[in-house]
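What follows is a set of notes on a single structure, which appears directly below.
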Amino acid sequence: MLFTTAIAGSLPKPAWLAETQKLWPQWKAQGKELEQAKADATLLWIKAQEDAGLDVIGDGEQARQHFVHGFVEHAEGIDFENKVKMGIRNNRYDAMVPQVVAPLKLKGRVHAFEAQLARAHTKKLLKFTLPGPMTIVDTVADRFYGDKVKMAMAFAELLNQEALALQADGVDIIQFDEPAFNVYVAEAADWGVKALERAAQGLTCKTAVHICYGYGIEANVKWKETLGEEWRQYEQVFPALANSRIDQVSLECFHSHVPPELMALLKGKEVMVGVIDVASDAIETPEQVADTIGTALQYVPKDKLIACTNCGLAPMSREVAMAKLDALAKGAALARQRYGA
Ligand SMILES: [Zn+2]
C-alpha cells in the first residue's frame with residue numbers, strides 16, 4: 001500500500017499517569033502502581049492508533065519520563081543524584097542534566113517491558129524509538145570521557161545492545177531520534193551518522209532516524225524564528241544519511257521552512273514526511289495532509305513515502321493528539337485516491 005502512516009514517536013501521557021503538557025513530567029504514582037499505569041497508557045494509545053487507522057504502531061513513549069533520560073537512566077557510570085544545569089541544543093534552552101562520571105555500561109534491559117507489551121497487543125508493524133548517540137551526548141554532562149565523539153561511540157554501543165534486544169522482542173522498526181543533527185550540522189555529517197550506524201550495527205529489522213526542529217514548545221518556536229526564510233540544516237546531513245545503512249529518514253515538512261527539494265538528497269531511502277504540525281493545536285484537514293504529500297512526491301518516489309508527524313506529540317493535549325492521528329490517516333487515504341494510480 002502507498003503512503004503508509006506512522007507517528008514520530010511520543011504521545012501525550014494521560015493525566016492519571018503523569019503531569020500533562022510537560023516535557024519532563026512528574027509521575028503520578030510509584031512502584032507497582034506506576035508500572036500498571038504505564039502499561040495501561042501504552043495499551044490505550046495502541047488502541048487509539050489502530051482506531052485512527054495508522055499502519056505503524058508505537059508505544060507512544062508512555063513508559064519513559066523523557067526521550068533521552070528514559071534510556072540514560074538505565075546506564076551505569078552516570079550520576080543522576082547530582083544533576084547540573086547545562087545549555088542544550090547549542091544553548092537553546094537550559095536543562096538539569098545528569099553527569100557521566102565513569103565508564104558507561106547498561107544495567108540490563110531498558111525497554112523490554114513496554115516493547116514486549118506492545119508486541120503482544122498489536123499485529124501491525126511495531127516501531128520503537130531510542131535516542132540517537134549525538135542527541136544523548138548533548139543532553140548529559142561529561143565528567144569522564146573528555147571527548148564528545150568517544151562518549152557518543154560509548155553510548156552507541158549501549159544503544160546497539162538494547163536495539164538488538166528490541167529486535168529479538170519482535171520490534172519491526174527501530175528509530176533513533178537525532179534532533180541534535182539539526183543543531184550541529186557539520187558534526188552530524190562528520191561523526192553523527194557514524195555513531196548512528198554503530199548503534200544500528202547488526203540489526204536486520206528496519207532502521208530509521210528522526211531529525212526535527214524539536215517539540216512544539218516555546219523555546220523551539222522562538223529558535224525557529226531565528227532560522228530565517230529557508231531552513232537548510234538537512235542539506236548537510238542528508239547526503240551522509242543517503243550513503244548510510246539507515247533505511248528510513250523522518251523529517252519536518254508541513255508548516256516548516258524546509259525547502260522540499262532537500263528531500264531529493266535522500267535518494268534510495270524511505271522518507272517519513274512530516275505532514276502534521278506539532279507546534280499548533282489546529283487540526284490539519286485531510287486536504288492539507290494530501291497536499292503536503294503531493295509536494296513531497298515531486299522529490300520522493302511514491303513507494304518510498306511514509307506519512308508521519310513532524311515530531312512527537314508528547315506536550316500536546318490528548319484531545320488534540322487524537323484528532324491529529326485521525327487527520328494523518330484520513331489525509332493519507334485521500335492522497336492514495338489522488339496520487340495512487
Ligand atoms: Zn522530533
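Using 18 Å as the cut-off for backbone N distance, which residues of the range 129-157 belong to the label zone defined by a point 7 Å from the Cα of V101 along Cα→Cβ?
140-146
Can you work out the FRET efficiency for the pair N91 and Q26, with r the C-beta to C-beta distance and R0 = 45 Å, to the nearest 0.05?
Values: r = 25 Å, r/R0 = 0.57.
Efficiency, rounded to the nearest 0.05: 0.95.
Is the range 143-191 best put as rounded, prolate or oblate by its Cα gyration tensor, with a ≥ b ≥ c the root eigenvalues, rounded for a/c under 1.5, and otherwise prolate when a/b is larger than b/c, oblate when not? Write down the numbers at each step before the final one.
On the way: a/c = 3.43, a/b = 1.54, b/c = 2.23.
It is oblate, given that a/c is not under 1.5 and a/b is not larger than b/c.
Mind jotting down the distance between the C-alpha centroids of the range 118-177 and the range 181-238, whole Å?
15
Rounded to the nearest 5, what is the percent of antiparallel bridges among the DSSP beta bridges in the range 197-307? Please list the in-between numbers first.
Working: 0 of 10 bridges.
Beta bridges within the range 197-307, antiparallel portion: roughly 0 percent.
Antiparallel as a % of all DSSP beta bridges within the chain, to the nearest 5? Let's see the in-between values first.
Working: 10 of 37 bridges.
Beta bridges within the chain, antiparallel portion: roughly 25 percent.
At 0.36 nm per residue, minus the direct Cα-Cα distance, what do N243 and A15 gain on full extension? Give it in nm, one decimal, please. Working shown, then result.
Details: separation 228, 0.36 × 228 = 82.08 nm, distance 4.30 nm.
Gain on extension, N243 to A15, equals 77.8 nm.
Using r as the Cβ-Cβ distance of T285 and D190, and R0 as 45 Å, what FRET efficiency do you calculate, to the nearest 0.05?
Values: r = 41 Å, r/R0 = 0.91.
After rounding, the FRET efficiency stands at 0.65.
7 Å from Cα along Cα→Cβ at both K148 and Q337: what's the point-to-point distance in nm?
Reported label-point gap for K148 and Q337 is 4.9 nm.
Just to check I understand the Karplus step: with θ = phi - 60° and J = 6.51 cos²θ - 1.76 cosθ + 1.60, what whole-Hz values come out for the range 31-48, glycine and proline as x?
With the stated coefficients, the range 31-48 comes to x, 4, 5, 5, 4, 5, 5, 4, 5, 4, 5, 4, 5, 4, 6, 4, 4, 5 Hz.
Out of residues 5 or more away from D177 or on other chains, whose amide H comes under 5 Å of its own, with H placed 1.01 Å from N in the peptide plane?
Under 5 Å from the amide H of D177 lie the amide H atoms of L130, G132, H210, each far enough along the sequence or on another chain.
What order do you get for S250, S280 when you list them from fewest to most C-beta neighbours inside 10 Å? It would help to have the intermediate numbers written out before the result.
Details: S250 27, S280 16.
Lowest count first: S280, S250.
Which far-off residues, 5 or more places away or on another chain, put their amide H under 5 Å from the one on A18, with H placed in the peptide plane?
It is K28, by chain and number.
Taken together, the values in this text are just the output of simple stated rules run on the coordinates, not laboratory data. No experiment lies behind these values; they were computed from the predicted model shown. Counting neighbours? That spans all protein chains shown, and the Cβs are built from the backbone with ideal geometry, glycine included.
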